[in-house]
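Down below is the structure, laid out as structure tokens.
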Amino acid sequence: MTPLTEPADGVGPVIDTPEAFAEVVAAYAAASGPVAADAERASGYRYGQRTYLVQVRREGAGTALIDPIAIPDLSPLREAVGDAEWILHAASQDLPGFAEQNLYPARIFDTELAARLLGMERVGLAAVIAEVLGLGLAKEHSAADWSTRPLPEDWLRYAALDVEVLIPLRKILGERLEEQGKAEWAAQEFEAVRTAPPPPPREEPWRRTSGVHALRNPRSLAVVRSLWEARDENARRRDIAPGRVLPDRAIVAAAQAMPRSVPELVKLPAFSGRNTARRAAAWQHAIDQALALPQEALPSARGPRSDAPPPPRAWADRDPAAAQRLDAARVVVQALSDELSVPIENLLQPDALRRVCWTPPSPLDTEHVAQFLRGRGAREWQLDLVAEPLARALADPASVARPAPSPESAS
């Protein structure tokens, strides 16, 4: 494997003035071919998922490293390249940030999704580059604080190399998709990612606090909610990642202990650190608010109501027929996954599979199963593959042949 250490064109200056950006726009308008693109954030350092560097490359125009804080409107770049294809790796991670910069690609090629559809076991960019191009791409700066200014030279070198490999990578992955008859599948997947709407705001996001599942007392859950909301407000105001303001483990520890005073709170190991203890009065105020709530204002231990099916582990007790349908459906989809070398989750979204098994359509035939799955976001290529065998399995779960256990599992 050949280590990739230096961009072919070197590392140019960061584009952070309107004049420099106008030169980039002109160069990209005069060039041709797809646009390789990537973005860097400051996850774990800053509040939210704001983009702090945008990297682009086009043959004939070279690589540009753009500061979206200094140049927040990147729409001229999109207009300059017209309907050119944009190459990204894990596009769903970068497209929301691009949208904040008014950057809306007309078409995309997602190298991570392509690698998944091709059955590659490891789909991180460095792993795909190593397997396909035989190049070693260092990823030591991927989790860095990209809000840092000025950005260090070695970080910029890393950022430039990320987009430099995407164009040759796309060429080979595209050829492999054609050879395996998966090019149309990929095109539909890419378009689904490109046009996906923003996810709706999460209901009761405080319930995602790590460790909250161990709490069953509604009063303790109220403490988690109150501390989470106080932390979130503080983190948003200071533009700091919430976990750096107050770790989840501290929130759960307070919910378990339910201290009645600041001295009691700071006795907890999770609140003994200097930064955490310095704001102990504010944290205790949030705890006191939760402790003072009337019973009817406490959160439910069950969580918010949802139209989603119950966890599969509960199906056998709640609806044995649905459990049998799910078992048969999983066998069918797994067999297709193995045959096509496509991960199950890319063959059919797990949520859609669970829902069609829990409340199957009537009549239970290929047409109505396809209609049901289409309503849950399944693409046409997926329906062509799974709708018919899935309909048969749901209609008669007992007819589905289960694979024989392996010698290892039998022993």
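Coordinate-derived values only; no laboratory data. No experiment lies behind these values; they were computed from the predicted model shown. When we count neighbours, we look across all protein chains shown, and the Cβ atoms used for this are built from the backbone with ideal geometry, even at glycine.
Quick notes
- Residue 217 sits among other residues whose Cβ lies under 14 Å from its own Cβ, and their net charge, with Lys and Arg +1 and Asp and Glu -1, is +4.
- Ordering 221, 256, 195 by the projection of their Cα atoms onto the charge dipole of segment 191-264, which places +1 on the Cβ of Lys and Arg and -1 on the Cβ of Asp and Glu, puts 256 at the extreme positive end.
- Under 21 Å from residue 182, Cα to Cα: lysines that are on another chain or at least 8 residues apart: 171
- In a fully extended conformation the segment linking residue 401 and residue 195 would gain 70.3 nm over its present Cα-Cα distance, using 0.36 nm per residue.
- For the options 149, 170, 355, a Gaussian network treatment of the chain with springs between C-alpha atoms closer than 10 Å singles out 149 as fluctuating the most.
- Distant-in-sequence amide H partners of residue 85 (H built 1.01 Å from N, under 5 Å): 35
- Note, ³J(HN,Hα) from phi for segment 384-398, Karplus 6.51, -1.76, 1.60, rounded to Hz, x at Gly and Pro: 4, 8, 9, 4, 5, x, 5, 4, 5, 5, 5, 6, 9, x, 5
- Net +/- balance of residues flanking residue 354 in space, Cβ distance below 15 Å, scoring K and R +1, D and E -1: +1
- Using a Gaussian network model of the chain in which every pair of alpha carbons under 10 angstrom is joined by a spring, one finds that among 301, 322, 64 the greatest mean-square fluctuation is at 301.
- Taking every DSSP bridge with both residues inside segment 2-194, close to 50 percent are antiparallel.
- Neighbours of residue 257 by Cβ distance under 9 Å: Lys/Arg scored +1, Asp/Glu scored -1, total 0.
- Between residue 296 and residue 153, the FRET efficiency estimated from the beta carbon spacing at R0 = 45 angstrom works out to 0.15.
- Using Cβ point charges alone (K and R +1, D and E -1), the dipole size of segment 312-400 about the Cα centre works out to roughly 320 debye.
- Computed from backbone phi with θ = phi - 60° and the Karplus coefficients 6.51, -1.76 and 1.60, the 3J(HN,Hα) list for segment 183-189 is 5, 5, 4, 4, 4, 5, 5 Hz; x is used for glycine and proline.
- Each stretch of four or more DSSP H residues adds -39500 (n - 2.57); spread over every residue of the chain, this sum gives -15000 deg cm²/dmol at 222 nm.
- Gyration tensor (alpha-carbon) shape descriptor, segment 194-250, a/c threshold 1.5: oblate
- Entry note, segment 205-297: relative contact order of 32 percent, from Cα contacts under 8 Å with a spacing of 6+ residues.
- Basic side chains Lys and Arg get +1 at the Cβ, acidic Asp and Glu get -1 at the Cβ, and with that the dipole of the chain about its Cα centre reaches some 2280 debye.
- Alpha carbon centroid spacing (whole Å) that separates segment 151-182 from segment 211-279: 42
- Take the Cβ atoms of residue 27 and residue 100, set R0 to 22 Å, and the FRET efficiency comes out at 0.40.
- Here's how it looks for residue 41: its modeled amide H is under 5 Å from those of 52, which are all 5 or more places away or on a different chain.
- Placing R0 at 41 angstrom, the Cβ-Cβ distance between residue 75 and residue 268 gives a FRET efficiency of 0.25 after rounding to 0.05.
- The chain: antiparallel DSSP beta bridges as a percent of all, rounded to 5: 50
- Of the residues 353, 185, 102, the one whose Cα sits farthest toward the positive end of the charge dipole of the chain, with +1 on the Cβ of Lys and Arg and -1 on the Cβ of Asp and Glu, is 353.
- Taken one residue at a time, the phi angles of segment 36-53 give Karplus couplings (6.51, -1.76, 1.60, θ = phi - 60°) of 7, 8, 7, 9, 10, 10, 10, 4, x, 10, 10, 6, x, 10, 5, 8, 10, 7 Hz. Gly and Pro are set to x.
- Across segment 312-400, C-alpha contacts under 8 Å between residues 6 or more apart give a mean separation that, scaled by the residue count, equals a relative contact order of 36 percent.
- Short-range pairs are left out: with C-alpha atoms under 8 Å and at least six residues apart, the relative contact order of the chain is 14 percent.
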